[in-house]
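Take a look at the structure below.
The values are calculated or read from the model by the stated rules, or taken from the named source; none is laboratory data. Please read these numbers as outputs of a predicted model, since none were measured by experiment. As a convention, Cβ positions derive from the backbone with ideal geometry for all residues, glycine included, and neighbour counts pool all protein chains shown.
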Amino acid sequence: MKRKMITTVTLAFSLAMASSFCSFAGQWKQDATGWFYQNTDGSYLSGGWYWVDGKSYYFDGQGYCLSSTTTPDGYTVDESGAWTVDGAVQSREAEVLVSNTKVSIPNGYDWERQEDGNSITLNEKNGSEKAVLVMAIQEESISEVRSLFGEEALKMVSDEVIQEIALEYVGSMQEVSSTTKSLSNGAWYCYSFKAIDGDGKDVPVEFYTNFTGSEIRVIVILEGAGREFTSSDEFVQNCIR
């Protein structure tokens, strides 16, 4: 694979690791004081902005949602507590295109498109740092490689892409296992790696690759898929089309 392409991928993954956004899954509740939001693990949103069901709300230090006011950082919220600009409620997109790949953004994540235009990061902030990178690498020779050498050759291409990403990003990242999985949205090559963070702790990183048309779709998942999914497999087959 071309070094320039791998460098772009590595930069995007670095940004995914470094950034995070506030968003959760759970349910609204109300008491005599006001409305609050309880997460699925029993904790409560408090002390800042959070995305809930596609809208952004500000919760005070006690966990109550502010409404019909200006937040401490100067933004306006309406009677329901939703963030507004010039009276219009601000919402996030629920579905994003990455080249020809359609990515459904699950509740509990926000997203940001990277400068290369063909990758996005999905980030969660819930006390841990979880990030997902979705990228589409254009490679016109995929169909030719498949027709001439078969699926085994594509597995070799996949191995090279993942090894270079892992090497370029950390260098000390170690592969733990690899396998091929047939998910509802196609066949995926799946890799488990172990990296070392700045505190010397092991950080699990999972890679998924899939070949479609002239694209290599790569999913990089740091520390699991997130609260709404029981596994990274479930994340990939529910969110990638």
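Name the residues in the stretch 45-74 that are out of contact with any Leu (no Cβ under 9 Å at 6 or more places or on another chain), more than 19 Å from residue 110 (Cα to Cα), surrounded by 13 or more Cβ atoms within 10 Å (Cβ to Cβ) and touching a residue at least 12 places away in the same chain (Cβ under 8 Å), would you?
Those that are out of contact with any Leu (no Cβ under 9 Å at 6 or more places or on another chain), more than 19 Å from residue 110 (Cα to Cα), surrounded by 13 or more Cβ atoms within 10 Å (Cβ to Cβ) and touching a residue at least 12 places away in the same chain (Cβ under 8 Å): 64, 66, 67, 71.
Suppose we filter the stretch 176-186 for residues that are closer than 18 Å to residue 159 by Cβ, of a type in the set (Gly, Ala, Ser) and exposed (fewer than 13 other Cβ atoms within 10 Å of the Cβ); how many remain?
Qualifying residue count for the region: 1.
Looking only at the stretch 81-96, which residues are exposed (fewer than 13 other Cβ atoms within 10 Å of the Cβ) and assigned to a strand (DSSP E or B)?
Across the stretch 81-96, the qualifying residues are 85, 88, 95.
Filter the stretch 200-218 down to residues that are in a strand (DSSP E or B) and of a type in the set (S, T, N, Q) and give me whichever is surrounded by the fewest Cβ atoms within 10 Å (Cβ to Cβ).
Out of the qualifying residues, it is 212.
How many residues are closer than 14 Å to residue 63 by Cβ, surrounded by fewer than 18 Cβ atoms within 10 Å (Cβ to Cβ) and at pLDDT below 85 when one looks only at the stretch 10-40?
Result for the stretch 10-40: 1.
If you go through the stretch 48-72, how many residues are assigned to a loop (DSSP other than H, G, I, E, B) and either among the acidic types (Asp, Glu) or modelled with pLDDT under 90 (or both)?
Selection size over the stretch 48-72: 3.
Taking the stretch 94-116 only, how many residues are at pLDDT below 75 and more than 14 Å from the chain's Cα centre (by Cα)?
2
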